Amino acid sequence: MYEVLKNLHSYLRWGVLLFGVLAILLALYAWIRKSEYKKHHNQLSLLFLIFTHTQILIGLILYFLSPVVKIAMQDFGAAMKNESLRFWSLEHPVSMILGAVLISVGRSISKKTSNPVLKHRRTFLYFLAGILVIISAIPNW
Ligand code: HEM
Ligand code: HEM
């Protein structure tokens with residue numbers, strides 16, 4: 001179960017990155033061109049959100065299965081002094097959740113905005129901030 005989920009979590013990162021980069025580039029292009037907000041803008045933004053949410057859900061389950069996190073939990077204080085234990089038990093999850101919150105809030109704010117140029121701009125800025133936080137917390141490239 002742990003191995004299967006870890007592999008899935010590892011592969012899904014590419015989905016998050018791919019749809020993230022596409023959604024961000026499309027939003028930037030549409031913002032600059034002052035385009036209408038069309039169906040494919042919404043679809044790509046939604047795909048990015050779904051991949052990100054799925055990744056968070058699997059990550060949360062992995063957190064309770066991971067042998068590395070288990071070792072960290074035996075003495076959380078001591079784990080903070082170990083780079084690898086601190087990364088897996090604290091930095092990776094906290095950064096990823098923060099990145100996902102930025103992406104979710106960005107989509108939600110953009111949905112509530114009626115002006116199409118502002119919709120694209122908000123999508124672009126929040127998605128970019130979110131993906132940068134996520135990229136900063138991806139291990140072993
Ligand atoms: C830990 C698990 C999850 C959490 C905490 C979570 C949280 C959220 C939140 C807060 C929103 C509302 C965003 C808004 O304000 O519009 C949302 C929307 C959504 N989530 Fe998740 N989610 C999780 C897992 C998933 C999974 C596994 C999927 C799909 C496979 C998913 C798909 C969606 C979709 C489709 C929306 C609606 C997006 C829209 O139409 O704007 N989520 N989720
Ligand atoms: C967009 C969000 C995320 C991305 C892109 C991501 C990416 C990754 C990657 C690339 C790995 C390495 C997989 C491997 O070594 O084969 C990993 C491992 C892991 N992630 Fe995430 N992750 C995300 C969110 C989360 C969250 C929210 C949590 C916890 C709440 C989490 C917990 C873990 C755990 C426990 C491991 C495995 C540690 C181990 O036992 O070696 N991840 N993640």
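Each reported figure results from applying straightforward, stated rules to the coordinates on display, with no laboratory input. These numbers come from a predicted model, not from an experiment. Cβ: placed from backbone, ideal geometry, glycine included. Neighbour counts: every protein chain shown.
Quick look at the values:
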item: Net charge dipole size for the stretch 1-111 [Lys, Arg +1 and Asp, Glu -1 on Cβ; Debye, nearest 20]; result: 480 debye
item: Restricting the stretch 53-113 to trypsin sites (Lys or Arg not before Pro) in coil, as DSSP defines it, with at most 11 other Cβ within 10 Å; result: Lys81
item: Three-way shape call for the chain based on the alpha-carbon gyration tensor, with the a/c threshold at 1.5; result: prolate
item: Per-residue HN-Hα couplings for the stretch 114-119 [Karplus 6.51, -1.76, 1.60; θ = phi - 60°; Hz; x = Gly/Pro]; result: 9, 5, x, 5, 5, 4
item: In sequence order, calculated HN-Hα J values of the stretch 12-29 (Karplus, 6.51, -1.76, 1.60; Hz; x Gly/Pro); result: 4, 4, 5, x, 4, 5, 4, 5, x, 4, 4, 5, 5, 5, 5, 5, 5, 4
item: Hz values of 3J(HN,Hα) by residue in the stretch 63-77 - Karplus curve (6.51, -1.76, 1.60), Gly and Pro given as x; result: 4, 8, 9, 5, x, 5, 5, 4, 4, 4, 6, 5, 8, 4, x
